[in-house]
Amino acid sequence: MELTASEAYKASVLRIFMAEDGSLRQIPAQYKKKLVIMEHLVEQLEMGREYPEKEINEFIKQYHADYATIRREFIIHKYMSRDNGVYVRNPRELWTQWDKI
């Protein structure tokens, strides 16, 4: 089965920035690539589940030490919503769509 252009792009970005152990080598500087990585990370979270800030920080630390930056990116790009220190994954249609850039 052949990948679409956007699937191939996503696979390429993940191959470059994600280490074999699943950790993030570095946060991409290029906007579109950063969105691909943020989407990949947030897809690992359960839809509808409430995550206290401490739990989100621990989740992000599995991938990268700079949890504050990644947590902020989750909010800025509407991957998650935050209310009183509780984070919830937003529906995909609210997310900043990297493949539309």
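The values are calculated or read from the model by the stated rules, or taken from the named source; none is laboratory data. Predicted, not measured: the structure shown is a model, and the values here were computed from it. Quick reminder, even Gly has a Cβ in these numbers, built from the backbone with ideal geometry, and neighbours come from all protein chains shown. Calculation scope for accessible area: heavy atoms of the full protein, side chains included, ligands and nucleic acids excluded. Shrake-Rupley method; radii C 1.70, N 1.55, O 1.52, S 1.80 Å.
Considering only region 18-36, I want to know if a residue exists there that is open to solvent by 50 Å² or more (accessible area, probe 1.4 Å), in a helix (DSSP H, G or I), more than 14 Å from GLN97 (Cα to Cα) and out of contact with any Lys or Arg (no Cβ under 7 Å at 6 or more places or on another chain).
no
What residue, of TYR87, TYR9, is touching a helix residue (DSSP H, G or I) at 6+ places or on another chain (Cβ under 9 Å), of a type outside the set (S, T, N, Q), surrounded by fewer than 17 Cβ atoms within 10 Å (Cβ to Cβ) and modelled with pLDDT of 95 or more?
Result of the check over TYR87, TYR9: TYR9.
For region 67-84, name all the residues that are open to solvent by less than 60 Å² (accessible area, probe 1.4 Å) and not in a helix (DSSP H, G or I).
Hits for region 67-84 are HIS77, TYR79, MET80, SER81.
Given the criteria farther than 16 Å from VAL13 by Cα, touching a residue at least 12 places away in the same chain (Cβ under 8 Å) and over 9 Å from the mean Cα position of the chain (by Cα), does ARG49 qualify?
yes
Working only within region 53-66, note down all residues that are over 14 Å from GLY22 (Cβ atoms) and open to solvent by 30 Å² or more (accessible area, probe 1.4 Å).
GLU53, LYS54, GLU55, GLU58, ALA65, ASP66
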